[in-house]
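Presented below is the structure to which this report refers.
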Amino acid sequence: MDEFLGTPAGPSHEALMPNMAPTSPASTCSGGEYVTLADIGAELRRKTTLMVTKDNLHQAPNNQHAALKLEVAGLKADFVVHETRIASVEQLTDAMEKQAKVSDTAIQRQGDLLLAMRRQLEDNRGRHNNIRIRGIPEAEGTWENVTETLTQLFCIILREDAPDHFRFERAHRALRPLSVDSVPQDIICCLHSFPLKEQIM
């Protein structure tokens, strides 16, 4: 009778259990590690701090401007250094050009002086070896060979038969107006050898 009059038996504990996962203060991930709400909140806060904010957007141009200003300042400093070096090189170049002009002027002056001394030496040497001969008649109407005449004369004076022995630097009649009494003009010659001139004299 109890089965008919008694209190019906309630459902079993297993039947009353809902078909859901048990709730717990922490859930598990696939790796078996527990992730708590505190961990999720910390992760959200970390990612929030990494996000670009309005202040960051306003600050970015200022940072770029400061970096660009710093680079420009460095370029200006380099420019000043190079400009100073260029100025030094230009000053050195100007000094070298001035010194070169002074040296060129001195060399030109020395060259002119040397040329003048050489001319003076040749003139003195020529006058030192000059011989002036008077009384030799001038050829009339024809061109006279003064060198041949002097060679024959010197061969007679030195009693030599070697006309090639005489080398003349120059030989010509004296440049002066003809005299009224038709006196022949002197002959001036310059021998290459001073000892030969001394033998003739």
ask   = How far apart, in nm, are the 7 Å Cα→Cβ label points at residue 73 and residue 118?
value = 6.8 nm
message = Please arrange 187, 40, 200 by how many other C-beta atoms lie within 10 Å of their C-beta, fewest to most.
response = 40, 200, 187
ask   = When a footprinting reagent is the concern and you count Cβ atoms within 10 Å, what order do 104, 164 take, fewest first?
value = 164, 104
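Computed from the coordinates by the stated procedures, all read-outs in this text should not be read as laboratory data. As the structure is a computational prediction, the values presented were derived from the model and not from experiment. Every residue, glycine among them, receives a Cβ derived from its backbone with ideal geometry; neighbour counts consider all protein chains shown.
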